[in-house]
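Okay, so here's the structure we're looking at.
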Amino acid sequence: MRLLPTGQDSLLIDLDGPGEAQAWHAELLRRRAAGTLTPVREIVPGERTVLLYGVHDLPGLQAELRRWSAPSPVADSGELVDIPVRYDGADLGVVAELWGMSEEDVVRLHSGTEHRVAFSGFAPGFAYMTGLGEPYVVPRRAEPRTSVPAGSVALAGHYTGIYPRSSPGGWQLIGRTSVKLWDLERQPAALLVPGTRVRFVPDSEERPRE
């Protein structure tokens, strides 16, 4: 763990991997909720970092963080969200070949895994979800698509993501959902926030691929 002051009132916790970042994010949220954390305005996780923004006492917080370690998040902690998916993505066959299994087995594996939102980025409402593990790392496409339809469920690296709106993208598309991921009339606007548990549910009634 490396503690890197950023500006006058922020602190970046630089960690060795995504698992550590998720653990520290969960522990920071737990301590803030319990009232045992130095006042912080925002706690923002990244792939290997956690940014503490608006820190009331920067030296005090650094000393505090050095005194404790973060346990791994409890497997069944966090809100559980079900996402219905029509698994008919254009790259489903590519993923099946990479994993050495049938397309049906890809669907069973992906939908049978509980995923967790590690962090957000790329576009409003886009969540980077972990869960599949090292054997199922998927490379990005050699040539990104100029337009990926909104609601596309996709894989890249260790992560599953859902495109909240149509945009260019290089992830491997395995399915599609009609769930609204970003809604300014909702609080919070993002459906999938860091720490959320996600279960993908195969649904043949989801709108077909265009």
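The values are calculated or read from the model by the stated rules, or taken from the named source; none is laboratory data. Given the structure is predicted, the values throughout are model-derived calculations rather than measurements. All Cβ positions, even for glycine, are placed from backbone atoms using ideal geometry, and neighbour counts span all protein chains on display. SASA here: full protein model, heavy atoms, side chains in, ligands and nucleic acids out. Shrake-Rupley method; radii C 1.70, N 1.55, O 1.52, S 1.80 Å.
Picking from residues in region 149-170 that are touching a Pro at 6+ places or on another chain (Cβ under 9 Å) and of a type in the set (A, V, I, L, M, F, W, C), the one that is nearest to residue 202 (Cα to Cα) is 150.
Taking into account only those residues within region 87-123 that are β-branched (Val, Ile, Thr) and over 17 Å from residue 172 (Cα atoms), which is surrounded by the fewest Cβ atoms within 10 Å (Cβ to Cβ)? Walk me through it before giving the result.
To start, the set of residues in region 87-123 that are β-branched (Val, Ile, Thr) comprises 94-95, 106-107, 113, 117.
Checking which are over 17 Å from residue 172 (Cα atoms) leaves us with 113, 117.
Working: 113: 17, 117: 27.
The qualifying residue surrounded by the fewest Cβ atoms within 10 Å (Cβ to Cβ) is 113.
So if I check each of 173, 184, which one is in a loop (DSSP other than H, G, I, E, B) and more than 14 Å from residue 136 (Cβ to Cβ)? Walk me through how you get there before you give the answer.
Details: 173 fails: in a loop (DSSP other than H, G, I, E, B).
It is 184.
Selection of region 171-210 for residues being open to solvent by 20 Å² or more (accessible area, probe 1.4 Å), β-branched (Val, Ile, Thr) and modelled with pLDDT of 95 or more yields 179, 201. Where residues in region 10-41 are more than 13 Å from residue 194 (Cα to Cα) and among the acidic types (Asp, Glu), which of them is surrounded by the most Cβ atoms within 10 Å (Cβ to Cβ)? Selected residue: 20.
Just to be sure, is residue 50 touching a His at 6+ places or on another chain (Cβ under 9 Å) and either more than 14 Å from residue 195 (Cα to Cα) or open to solvent by 50 Å² or more (accessible area, probe 1.4 Å) (or both)? Taking the combined requirement at face value, the residue does not satisfy it.
Tally time: how many residues in region 145-160 are in contact (Cβ under 8 Å) with a residue 24 or more places away in the chain, more than 15 Å from residue 90 (Cα to Cα) and surrounded by fewer than 23 Cβ atoms within 10 Å (Cβ to Cβ)?
Applying the first criterion (in contact (Cβ under 8 Å) with a residue 24 or more places away in the chain) to region 145-160 yields 145, 148-149, 151-155, 158-160.
Next, from what is left, pick out any that are more than 15 Å from residue 90 (Cα to Cα): 158-160.
Then keep just the ones that are surrounded by fewer than 23 Cβ atoms within 10 Å (Cβ to Cβ); that gives 158-159.
Qualifying residue count for the region: 2.
Scanning region 67-79 turns up one or more residues that are open to solvent by 40 Å² or more (accessible area, probe 1.4 Å), over 16 Å from the mean Cα position of the chain (by Cα) and modelled with pLDDT of 85 or more.
Scan region 161-170 residue by residue and report those that are assigned to a loop (DSSP other than H, G, I, E, B) and open to solvent by 20 Å² or more (accessible area, probe 1.4 Å).
Filtering region 161-170 down to residues assigned to a loop (DSSP other than H, G, I, E, B) leaves 163-166, 170.
The answer is 164, 165, 166.
Residue 200 passes every criterion in (1) in a loop (DSSP other than H, G, I, E, B); (2) under 12 Å from residue 115 (Cα atoms); (3) out of contact with any Leu (no Cβ under 8 Å at 6 or more places or on another chain) apart from (1).
Of all the criteria given as (1) touching a Leu at 6+ places or on another chain (Cβ under 7 Å); (2) touching a residue at least 24 places away in the same chain (Cβ under 8 Å); (3) of a type in the set (A, V, I, L, M, F, W, C), the one not satisfied by residue 29 is (1).
In region 172-197, the residues that are closer than 21 Å to residue 157 by Cα reach residues that are basic (Lys, Arg) and in a strand (DSSP E or B) with C-beta atoms within less than 8 angstrom, at least six apart or across chains, in these pairs: 175/86; 176/86; 177/86; 195/116; 196/116; 197/116.
Report every pair of residues separated by at least 6 positions or lying on different chains whose Cβ atoms are under 9 Å apart, first residue within region 48-65 and under 16 Å from residue 16 (Cα atoms), second acidic (Asp, Glu). Once the first residue is under 16 Å from residue 16 (Cα atoms) and sits in region 48-65, its partners that are acidic (Asp, Glu) give 48/14; 48/16; 48/20; 49/14; 50/14; 51/42.
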